[in-house]
Amino acid sequence: MDRIWLQDMTWQEAEEAVSRSRGIILLPVGSVEQHGLHLPLGTDTYLAIGLAEDAAERTGVPVAPPIWYGWSPHHMAYPGSTTIRPEVLIELVYDVISSLSRHGFKSFIIINGHRIANIPWLQVAAERAQRRLGVRVYLFDPAYMSREVVEELGFGPVGHADEIETSHMLYRFPEFVDLEGARDYVPEAKPLYIVDPRGVGDTLCYVPSTVEDVARLREVSGGAVGRPTASDGEAGRRYHEHLVQRLVEVIKRVMEA
Ligand SMILES: [Zn+2]
């Protein structure tokens, strides 16, 4: 079995990986931020890693070392949460793509575990890389790639450390989940403000909550938004499997392009 993680390869193996994968590489990106009392700080990155790893095993496409940090200014009232400035994230992703493009990688599939908060910066990095480096960049976000299956599974709306993330973690990284710590908090819907990618209707665009608003959840739910107590490992398995299949589909399309 060929190694899938770039950091585990020798440079010769990396060279072989370029031709084996026809120049495609996966890049998991996440965040280090509070995920309630039941999930670890690295949840978003772990989930991106899990998807990348399983799709890589099925396709032989390598995975670049994960970018653990994301843009998390709204979670800074919770110890361990670490935010990097958007310009740092843009430059970091750009430099990684730029380096790997010199060795023949030409198609980059970014797997974003941090949902809407990372997306604008990844879009800027992707556009810049395509324009300056002549590569192709694809942005794979679980929240947008699961709209149908999430409906079928009956998951509630996208929140934070919610039943979607918790079910996914229960399936893929159960050793990091402490369901006894899970506390639900379902906020009242705000008029004309829908953040969930499944939502329909007129809406203002996403702006992160203030650090004070998120801090108030410490006493309410430990920082979670949604219904993590309704999480279920079997639903998490179906959700994960759906996403891995979609990711494999994307990889195959890029290979054939
Ligand atoms: Zn998360």
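All of the numbers you see were taken from the coordinates with simple rules; none came from a lab. This structure is a prediction, so every number in the text was calculated from the model and none was measured. Ideal geometry is used to build each Cβ from the backbone, glycine not excepted, and the neighbour counts take in all protein chains shown.
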In degrees rounded to 10, the 0-90 angle between helix 43-59 Cα long axis and the longest Cα principal axis of the chain is 40
Inter-part distance where segment 224-256 and segment 205-221 are each reduced to a Cα centre, Å:
26
So how tilted is helix 86-101 from the main axis of the chain? Cα-based, degrees 0 to 90, rounded to 10.
30
In segment 6-256, if the dipole is taken from +1 on Lys/Arg beta carbons and -1 on Asp/Glu beta carbons about the Cα centre, which of P187, P40, V135 is farthest to the positive end?
V135
Using packing as a proxy for protection, rank 93-103, 9-19 so that the peptide with the highest average count of other Cβ atoms within 10 Å comes first.
93-103, 9-19
Find how much the distance from W11 to M255 grows on full extension, using 0.36 nm per residue of separation minus their present alpha carbon separation; answer in nm with one decimal.
85.6 nm
How high is the relative contact order of the chain, given as a whole-number percent (alpha carbon pairs under 8 Å, six or more residues apart)?
24
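Run the dipole for the chain about the Cα centre, Lys and Arg Cβ at +1, Asp and Glu Cβ at -1, nothing else charged, and hand back the magnitude in debye, nearest 20.
Approximately 900 debye in magnitude.
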Putting +1 on Lys and Arg Cβ atoms and -1 on Asp and Glu Cβ atoms, find which of P157, Y94, S81 reaches farthest to the positive end of the dipole of segment 6-256.
Y94
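Can you tell me the order of 234-242, 124-132, 202-210 when each peptide is scored by its average per-residue count of other Cβ atoms within 10 angstrom, highest first?
My ranking of the peptides, most packed first, is 234-242, 124-132, 202-210.
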How many nm separate the modelled label positions at V200 and E127, each set 7 Å beyond the Cα in the direction of the Cβ?
2.9
Simple spin-label model, 7 Å along Cα-to-Cβ: R3 to E57 in nm?
1.8
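Which order, highest average first, do 170-176, 159-165 follow once you tally other Cβ atoms within 10 Å for each residue and take the mean per peptide?
Working: 170-176: 16.7, 159-165: 26.7.
Descending mean neighbour count gives 159-165, 170-176.
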Whole-angstrom gap from segment 38-52 to segment 76-131, using each part's C-alpha centre:
16
